[in-house]
């Protein structure tokens, strides 16, 4: 079986998203027992894993760059917000998550496997 996406409401409205995450900022949320950074870059909003895959630093303490990346505060590795690929460093990759806006809020997509053992 294939994978499905479960959508979790993370903000009540697009206005709430803009109020919590101003341009150039990173906002840390907990969704589905995961720590996720919501990033507001010049190109829009993105969601990526919170821990840097290189050394586990908190990306929520990093910053946005002019080239649409999130920068790790520890070693200053850059990760593309669209793809999660490292733009510097050892070629690590971040988990990225889709975001969508509906009339009733802003949602984060969590991919799930379509099968289980039980």
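Figures for the structure shown
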item	result
Some residue of the range 89-106 being surrounded by fewer than 14 Cβ atoms within 10 Å (Cβ to Cβ), at pLDDT 95 or above, touching a helix residue (DSSP H, G or I) at 6+ places or on another chain (Cβ under 7 Å) and assigned to a strand (DSSP E or B)	yes
In the range 22-77, the residues that are closer than 19 Å to residue 90 by Cβ and out of contact with any strand residue (DSSP E or B) (no Cβ under 9 Å at 6 or more places or on another chain)	55, 56, 75, 76
Selection status of residue 18, part of a helix (DSSP H, G or I), farther than 18 Å from residue 98 by Cβ and without any contact (Cβ under 8 Å) to a residue 60 or more places away in the chain	yes
Subset tally (residues that are more than 10 Å from the chain's Cα centre (by Cα) and part of a loop (DSSP other than H, G, I, E, B)) for the range 33-61	9
Residue pairs meeting the criteria (Cβ under 6 Å; at least 6 apart or on separate chains; first within 16 Å of residue 3 (Cβ to Cβ), in the range 93-115; second in a loop (DSSP other than H, G, I, E, B) and at pLDDT 95 or above)	96/84; 109/98
Among (1) under 22 Å from residue 10 (Cβ atoms); (2) buried (at least 20 other Cβ atoms within 10 Å of the Cβ); (3) in contact with a helix residue (DSSP H, G or I) (Cβ under 7 Å, 6 or more places away or on another chain) - the single one residue 72 does not satisfy	(1)
Filter result for residue 43 (surrounded by fewer than 18 Cβ atoms within 10 Å (Cβ to Cβ), out of contact with any helix residue (DSSP H, G or I) (no Cβ under 9 Å at 6 or more places or on another chain) and without any contact (Cβ under 8 Å) to a residue 12 or more places away in the chain)	no
Sole exception among (1) surrounded by 18 or more Cβ atoms within 10 Å (Cβ to Cβ); (2) within 28 Å of residue 4 (Cα to Cα); (3) modelled with pLDDT under 95 for residue 29, by number	(3)
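The values are calculated or read from the model by the stated rules, or taken from the named source; none is laboratory data. Quantities reported herein were computed from a predicted structural model and do not represent experimental measurements. Quick reminder, even Gly has a Cβ in these numbers, built from the backbone with ideal geometry, and neighbours come from all protein chains shown.
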